[in-house]
Amino acid sequence: PSVSLDVCESYPCGDDVVEVYAWSAPVVVVISVDTDVEQFEVTLVSANGDTVWQQASSSRFASFVPSSVGATSAEEYHLHASVELQDGRTAETINGTSLRFAAPPTVYGATATLVNTTA
């Protein structure tokens, strides 16, 4: 069976290519298969092969927030999808482009001033 994997910022996924995903916004993953499926599994894998995030469910939709799963802006990632078919076989795919995430915001030179207090 043919398995495809779409990654985008919101559903439905369009044709726009996302160069860098937002640090604190959901990344949407959609798996498409041309046959009946028992279970879908999606894995976010770092460039050195470490599993950063994984979700297994009966839904072809998944999402994660990079800042919540331990991803960093210094590394590139790939998504791997595996489906368990109703006859027990499995099929897999990996997204063809690397995922990159924006660096978390950093505040410089901030000062706080006490304006008023009450007892």
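The values are calculated or read from the model by the stated rules, or taken from the named source; none is laboratory data. This structure is a prediction, so every number in the text was calculated from the model and none was measured. A quick note on method: Cβ atoms are made from the backbone with ideal geometry, for glycine too, and the neighbour counts reach across all protein chains shown. Note: areas computed on protein heavy atoms with side chains; ligands, DNA, RNA excluded. Shrake-Rupley method; radii C 1.70, N 1.55, O 1.52, S 1.80 Å.
Using a 1.4 Å probe on the protein chains only, how many percent of the accessible area of the chain belongs to carbon and sulfur?
Ligands and nucleic acids excluded, carbon and sulfur reach 46 percent.
If you work out Cα extents along the principal axes in Å from the coordinates, which of (1) 69, 33, 29; (2) 46, 35, 26; (3) 57, 27, 26 do you get?
(1)
Work out from phi, with θ = phi - 60° and the Karplus expression 6.51 cos²θ - 1.76 cosθ + 1.60, the ³J(HN,Hα) of each residue of the range 19-30, listed in order in whole Hz, and give x for Gly and Pro.
6, 9, 8, 5, 5, 10, 10, x, 9, 9, 10, 10
Return the sequence-ordered ³J(HN,Hα) values of the range 74-83 in whole Hz as given by the Karplus equation 6.51 cos²θ - 1.76 cosθ + 1.60 applied to θ = phi - 60°, using x for Gly and Pro.
With the stated coefficients, the range 74-83 comes to 7, 10, 9, 10, 10, 9, 10, 10, 10, 10 Hz.
Can you list residues whose amide H is under 5 Å from residue 53's amide H, if they're 5+ apart or on another chain and H is modeled 1.01 Å from N?
The list, which skips near neighbours in sequence, is 44.
Between residue 98 and residue 13, what is 0.36 nm times their sequence separation minus the Cα-Cα distance? Round to one decimal in nm.
Full-extension gain reported as 28.9 nm.
Report the full-extension gain for the segment residue 2 to residue 117: residue separation times 0.36 nm, less the Cα-Cα distance, to one decimal in nm.
Extra length available between residue 2 and residue 117 comes to 34.9 nm.
Ordered by residue, what ³J(HN,Hα) values in Hz, to whole numbers, does the range 43-49 give under the Karplus form 6.51 cos²θ - 1.76 cosθ + 1.60, where θ = phi - 60° and Gly and Pro are x?
Going residue by residue, I get 10, 8, 10, 6, 4, 8, x Hz, with x marking Gly and Pro.
Using 7 Å Cα-to-Cβ label points, what is the residue 67/residue 107 separation (nm, one decimal)?
1.2
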